[in-house]
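The values are calculated or read from the model by the stated rules, or taken from the named source; none is laboratory data. Note that the structure is a prediction, hence the values are computed from the model and not measured. Counting neighbours? That spans all protein chains shown, and the Cβs are built from the backbone with ideal geometry, glycine included. All accessible areas refer to the heavy atoms of the entire protein, side chains included, with ligands and DNA or RNA removed. Shrake-Rupley method; radii C 1.70, N 1.55, O 1.52, S 1.80 Å.
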Amino acid sequence: MANTTYDFDMMLSNAREAYGEELYKMAMEGKDFVFTYSDNVAPSTKAGQLIQNFPERCFNFGIAEPDQVGASAGLALSGCTVFAQVFGPFLPLRAADQIHTDAAYNDVNVRLIGTHSGVTSGGGPTHNVVADLALYRAIPNLTICVPADAGQCRKIIRASLTYQGPMIIRISRGGEPDVYANNDYDFEIGKAITVRDGNDLTLIGCGPSVYWSLMASKELEKRGIHDRVGDMHTIKPFAAETAITCAKETRAI
């Protein structure tokens, strides 16, 4: 069981900064990959260090998300591993055809990092994305990861470097509570993590909802209910064995 921070209130970190920090660190280590990005989001974050210091491997596509996804798939077909930061509200709908046909159909190593996902962009109804996970799940070959906090985002970025096939990494806009007290825990794409043990019932979340599941667990404990909390950081492939085990060992999910 991982060491969590649920006893502390609102220890914030930012996955939108963490992915760029980890990519820059990997580039400094000599790891081989290409980075594409849209608009001005990446340069304004820690990913800006990667762009400044490794311009030969970084490509800006402005506000042409479909072109970016298609070109990223083309780079991957040429043998590159590609990390692509795309503005999350526009990634699933504007670039749906390119995700499906260029990246997933060809089963290439493109990691689409959808920032500002969900309702976190702050841009109003046109920038709120509420159907992205439903769309992504329906596309064959596409792995979907939703990190619980910034530290886990770093783990996903690093693990994805050698992972085969296309991937969505869905992160939010701003700072969010940390789930894990440190990064000293086992992580594997496709394998859920038990962040708190219990036998009465199970709460399973992904992304920021893992923290709020822990907060709910804290309140339930006051009522004598000892629940299990699971971090389903990989939406697809779904860790079915974890859900089955929880169903067998606890009274409800």
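A few remarks follow.
- Helix 15-28 and the longest principal axis of the C-alpha atoms of the chain enclose an angle of approximately 60°.
- Taking the chain and dividing mean pair separation by its residue count, relative contact order in percent (alpha carbons under 8 Å, at least six apart): 22 percent
- Cα-projected label distance for ASN60 with ALA159, points at 7 Å along beta-carbon direction, nm: 3.3 nm
- The residues of the chain have, on average, 44 Å² of accessible surface per residue, using a 1.4 Å probe with all protein chains present.
- The stretch 124-183 - percent relative contact order, Cα under 8 Å, separation 6 or more: 39 percent
- Largest to smallest principal axis extent of the C-alpha atoms in the stretch 189-250, angstrom: 35, 26, 11
- Whole-Å semi-axes of the stretch 25-110's equivalent ellipsoid (Cα gyration tensor): 21, 16, 9
- Nearest-ten-degree value, helix 209-222 long axis tilted from longest Cα axis of the chain: 10 degrees
- Across the stretch 47-139, the mean sequence separation of Cα contacts (distance under 8 Å, 6 or more residues apart), normalised by length, yields a relative contact order of 27 percent.
- Whichever lysines have a C-alpha closer than 20 Å to that of LYS46, once near sequence neighbours (fewer than 8 apart) are set aside: LYS25, LYS31, LYS155
- With respect to the chain, whose longest principal axis is taken over its alpha-carbon atoms, helix 150-160 is tilted by about 60°.
- ILE225/SER78 FRET efficiency (R0 51 Å; Cβ-Cβ; nearest 0.05): 0.40
- Heavy-atom accessible surface of the chain: percent carbon and sulfur, 1.4 Å: 52 percent
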